[in-house]
Amino acid sequence: MRLPRRTPASLGLDARRLRLARRHVEIGLGEGIYDAAVLAVARHGAMAMHEAFGTIEGHPTSRDALFDLASLTKTFCATAMLRLAEDGVLSLSDTVADWVAEAARAELGCATLRQLATHVSGLPAWKPLYDPTPGKEAMLRAILETPLANAPGTVYEYSDLGYILLGEVDSRASGQPLEDLIQSTVTGPIGADEVGYLPSLNAERLIAPTANCPMRPGEVLRGVVHDANAHAYGGVAGHAGLFGDADGLALLGSALAGDGFVLGKRLVGRPALRLARTNQLTPEVGGHTIGWFCNPNPMCPFGDLAGPDAFGHTGFTGTMVVCEPSAGVVVVLLTNRVLNPADNNGIKRVRRQVVHAVASAVRQ
């Protein structure tokens with residue numbers, strides 16, 4: 001399913017400002033920050049801009065190209081958890097030990113699902129679970145045995161480890177493999193059919209390659225997750241592993257920036273929508289909703305112009321979704337910036353410039 005295409009003017013957007021957003025992406029391409037990119041801007045459930053840039057293995061990038069979404073996977077994992085909460089399967093106040101029996105004696109066992117989802121569980125940001133490659137059970141055990149850096153609920157520490165564990169909780173609570181759960185509760189209901197784990201290399205759609213994974217030095221990866229821990233986990237994890245196109249991300253963003261529905265299809269109800277859109281932490285601790293960066297979190301490129309209600313997420317491979325509910329605007333930028341070993345974080349500048357240009361395009 002795709003959002004209908006409408007002119008910027010009909011959506012109350014300044015076409016010249018949107019062209020500036022496109023120009024920023026073109027400059028980043030010319031600087032070698034990435035080889036391929038897709039930019040999509042939606043408002044009120046319709047697409048105002050959807051353009052592709054660069055090449056993928058010698059072919060012009062198509063608007064429906066698939067990209068390694070990296071940490072954007074976390075937003076789908078969190079949305080699946082909200083759907084399970086709506087159905088009464090779990091509660092955000094449940095503890096890790098309630099769903100992962102192995103955590104009964106772990107220091108982490110008392111952390112709640114809300115704390116995992118908002119990165120205040122006390123877990124450190126990351127550890128190389130892939131070295132040596134131990135398999136899922138050993139990786140999960142390594143997370144549970146990790147000493148907490150802080151008491152749960154006290155310090156914001158963006159943690160891949162927490163979302164690997166949250167994906168495991170989602171799966172156990174639902175009785176489904178994580179890939180099936182996300183399809184049945186998130187991508188399927190809104191028609192984001194091209195978002196999923198382990199994409200087929202025989203797919204007609206181009207898949208943007210990545211490279212420079214510490215687990216696989218010198219390899220160019222196509223259709224295989226870049227994140228080393230996700231790869232060692234089997235390619236399906238709560239923190240990374242999803243591949244998708246700009247259409248699928250625009251559908252998700254439009255549902256969450258709107259009323260929980262997109263093109264008449266329900267994603268979540270209003271209570272769950274509030275949890276996805278509003279800060280679940282005290283401002284002195286940080287800014288995170290159930291699944292998304294929000295103010296005052298500096299990790300999302302809101303820049304100076306996005307509204308105070310904006311929320312969004314980025315991915316290490318060079319991906320981004322930013323939503324501004326008060327304006328009804330969703331910005332999706334997908335790139336493969338990890339293909340370039342000389343990347344100097346120029347993607348951060350491009351993201352900020354794109355968000356600035358789109359925010360300034362809103363006329364009414």
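Okay, residues lined up against (1) surrounded by fewer than 23 Cβ atoms within 10 Å (Cβ to Cβ); (2) in a loop (DSSP other than H, G, I, E, B); (3) not hydrophobic (A, V, I, L, M, F, W, C):
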| site | (1), (2), (3) |
| --- | --- |
| A151 | yes, yes, no |
| I164 | no, no, no |
| S171 | yes, no, yes |
| I182 | no, no, no |
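If you go through the stretch 289-319 one residue at a time, how many are in contact with a Gly (Cβ under 7 Å, 6 or more places away or on another chain) and either basic (K, R) or in a strand (DSSP E or B) (or both)?
2
Going through the stretch 128-149 one residue at a time, which ones are out of contact with any Phe, Trp or Tyr (no Cβ under 8 Å at 6 or more places or on another chain) and outside any loop (DSSP other than H, G, I, E, B)?
Hits for the stretch 128-149 are E137, A138, L140, R141, A142, I143, L144.
Does the stretch 5-20 contain any residue that is in contact (Cβ under 8 Å) with a residue 12 or more places away in the chain, touching a helix residue (DSSP H, G or I) at 6+ places or on another chain (Cβ under 9 Å), under 26 Å from A192 (Cα atoms) and of a type in the set (G, A, S)?
no
I want to confirm something. Restricting to the stretch 93-127 and keeping residues that are without any contact (Cβ under 8 Å) to a residue 12 or more places away in the chain and assigned to a helix (DSSP H, G or I), which single residue is nearest to L72 (Cα to Cα)? Full working, then the answer.
Going through the stretch 93-127, the residues without any contact (Cβ under 8 Å) to a residue 12 or more places away in the chain turn out to be 98, 101, 104-105.
Cutting the leftovers down to assigned to a helix (DSSP H, G or I) gives us 98, 101.
Numbers: D98: 26, A101: 28 Å.
Filtering the stretch 93-127 for residues that are without any contact (Cβ under 8 Å) to a residue 12 or more places away in the chain and assigned to a helix (DSSP H, G or I), the one nearest to L72 (Cα to Cα) comes out as D98.
When only residues in the stretch 62-75 that are buried (at least 23 other Cβ atoms within 10 Å of the Cβ) and in a loop (DSSP other than H, G, I, E, B) count, which is nearest to the chain's Cα centre (by Cα)?
L69
Of the numbered conditions (1) in a loop (DSSP other than H, G, I, E, B); (2) farther than 22 Å from S360 by Cβ, L273 satisfies every one except a single condition; which is it?
(1)
Return yes when V96 is surrounded by fewer than 21 Cβ atoms within 10 Å (Cβ to Cβ), outside the structural domain of D227 (by TED's automatic domain parsing) and either modelled with pLDDT of 95 or more or not β-branched (V, I, T) (or both) and no when it is not.
no
From G307, G287, G328, G303, grab the single residue that is modelled with pLDDT of 95 or more, out of contact with any Phe, Trp or Tyr (no Cβ under 9 Å at 6 or more places or on another chain) and surrounded by fewer than 24 Cβ atoms within 10 Å (Cβ to Cβ).
When all the criteria are applied, what remains is G328.
The values are calculated or read from the model by the stated rules, or taken from the named source; none is laboratory data. This is a predicted model, so every value here is computed, not measured. Ideal geometry is used to build each Cβ from the backbone, glycine not excepted, and the neighbour counts take in all protein chains shown.
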